[in-house]
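This report refers to the structure that appears directly beneath it.
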Amino acid sequence: MKELRRGRRSLVFPERPVLTAWASVVGNKEGEGPLGPEFDRVVEDSRFGAASWEQAETKFQQAALELTLERADPGAGEPDAVFCGDLLNQCAASSFALRDTALPVFGLYGACSTMAEALLLAGCAVNAGYAANCVAMSSSHFAAAERQYRFPLAYGGQRTPTAQWTVTGAGAVLVSAKGRGPVLCGATVGTVQDKGITDANNMGAAMAWAAYDTIRTHFDEMGCGPEDYDCIVTGDLGRLGKALVTELFAGDGVRLGGRYEDCGALIFDAGTQDVHCGGSGAGCSAAVLAAHLLPRLAVGRCRRLLFCGTGALLSPTTVQQKLSIPAICHAVAIENDP
């Protein structure tokens, strides 16, 4: 047991599960951003031909799963499990996406940290030998999230300067016991952090401390530091949250430098796209991981990546009751395996 643990919250994967295939599918606004050419599929119709925004999100997830499995080794067989989630109540997008597949499913809710949580748990299952192949997957949809968490689009509400734009899209990754590709070498499990932020339009501030806490714990328990990673990427703190994390580490005398980025800051162009503080949503880090980060690892442009999914664990009910916003961050260490 000791060989698999470092401290209280960190895990190591001695079997080095392999990320053998991945895919990203996004909407037209995401396709117009700086990562546009890197996404596997850009869907111009944000309804994806469906009758509602929520049903469209299901189709984004289905498309990402199908593309990923098409790219899998022909001899790999069907996945032994799918770890997936989204932002809709009861993870409806994921359930409907998988209802006709007959695949074993673990439905997850970590808000925007769901992709990192799914990747961590898929890695655990493969490393322990419970599965030969697992899919980690998550999604979100701008219009569906607005309707659930804030106001329907027809309301025409004014977005505050700290607000972020929920990404319309999905990402999926196949985690395998054998094959070629980047490998999972370790992870740090998040704890719920709550610093009293009550503004539901300021997710970056709510999640920043959770990101700092998990990354700091990862460094301490794994005996490493920022210099051991080429890329440290948080999930979707946006520009404000990213600045807060940088400031928190600077207070410890730790300089993250140019190796630190955030998926919410990467996916949109702040100068030309009206997204305020950047992107968010469970599909944000999933799509950026599959379209941008893993391909860089695969070709050797990045040797070691610390992928840190961040999530704000609020609900419409807690917001209406004026409660503060708990947050969480899970970190997964991924290496290029030449």
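In terms of the ratio Rg/(2.2 N^0.38 Å) built on C-alpha atoms, what value belongs to the range 15-176?
Taking N as the residue count of the range 15-176, the ratio is 1.05.
Net charge within 13 Å of residue 19 by Cβ-Cβ distance, Lys/Arg positive one each and Asp/Glu negative one each, not counting residue 19 itself?
+2
Roughly what % antiparallel, to the nearest 5, for the DSSP beta bridges in the chain? Let's see the in-between values first.
On the way: 37 of 58 bridges.
So the antiparallel bridges in the chain amount to around 65 percent.
Output the peptides 259-268, 86-95, 168-177 sorted from most to least packed, where packing is the average of other Cβ atoms within 10 Å over each peptide's residues. Present the calculation step by step, with values, prior to reporting the outcome.
Values: 259-268: 25.5, 86-95: 22.1, 168-177: 29.7.
Top of the packing list down: 168-177, 259-268, 86-95.
So what is the orientation-averaged projected area of the range 268-335, using the convex hull of its C-alpha atoms, in nm²?
Here the figure is 6.1 nm², rounded to one decimal.
For residue 211, what charge total do you get from the other residues with a beta carbon under 13 Å from its beta carbon, if Lys and Arg give +1 and Asp and Glu give -1?
Numbers: positive: 195, 216, 242; negative: 213, 236, 247, 261, 262.
Taking every other residue near residue 211 into account, the sum is -2.
Compute and list, largest first, the equivalent-ellipsoid semi-axes of the range 249-293 from the alpha carbon gyration tensor, each √(5λ) rounded to a whole angstrom.
Each semi-axis is the square root of five times an eigenvalue, giving 23, 14, 10 Å.
Taking every Cα atom in the range 183-335, find the radius of gyration and the maximum pairwise distance Dmax, and write them in Å.
Using the Cα atoms of the range 183-335, the pair Rg, Dmax is 15.0, 49 Å.
Alpha carbon centre of the range 108-139 versus the range 1-60: separation in Å?
11
Looking at the calculated P(r) for the range 158-269, what percent of the C-alpha pair distances fall above 25 Å?
Value for the range 158-269: 30 percent of Cα pairs lie more than 25 Å apart.
Given only helices, namely DSSP H runs of n ≥ 4 each adding -39500 (n - 2.57), what is the per-residue ellipticity at 222 nm of the chain, to the nearest 500 deg cm²/dmol? Don't skip to the end; give the middle numbers.
Values: 11 runs with 107 residues, N = 338.
Theoretical 222 nm ellipticity from helices: -9000 deg cm²/dmol.
So how compact is the chain: Cα radius of gyration and Dmax in angstrom?
18.2, 55
For the range 195-262 and the range 73-103, what is the separation of their Cα centres, given in Å?
For the range 195-262 versus the range 73-103, the Cα centre distance is 30 Å.
Placing +1 at every Lys and Arg Cβ and -1 at every Asp and Glu Cβ, with all other atoms neutral, what dipole size does the range 15-176 have around its Cα centre, in debye to the nearest 20?
Working: 10 positive and 18 negative charges, 92 e Å.
About 440 debye.
Using a 10 Å cut-off around each Cβ, can you sort 115, 203, 222 from fewest to most neighbouring Cβ atoms?
Placing the least packed residue first, the sequence is 222, 203, 115.
Give, as a single signed number, the net charge of other residues whose beta carbon lies under 14 Å from the beta carbon of residue 316, with Lys and Arg counted +1 and Asp and Glu -1.
In short, +2.
Calculate log10 I(q)/I(0) of the range 12-99 for q = 0.11, 0.14, 0.26 Å⁻¹, where I(q) comes from the Debye formula with a single equal point scatterer on each Cα and nothing for solvent.
-0.38, -0.59, -1.31
Taking 8 Å as the Cα distance limit and 6 or more residues as the minimum spacing, I'd like the relative contact order of the chain as a percentage.
25
Would you mind computing, in nm to one decimal, how far apart the modelled labels at residue 51 and residue 192 are, each placed 7 Å from Cα along Cα→Cβ?
That separation, rounded to one decimal, is 3.6 nm.
Please state the relative contact order of the range 15-176 as a whole percent: Cα pairs under 8 Å, 6+ residues apart?
32
The numbers here are math on the coordinates, done by the rules we state, and not lab data. Remember, it's a predicted structure, so these values are computed and weren't measured experimentally. In this analysis, Cβ positions are derived from the backbone assuming ideal geometry, glycine residues included, and neighbour counts consider all displayed protein chains.
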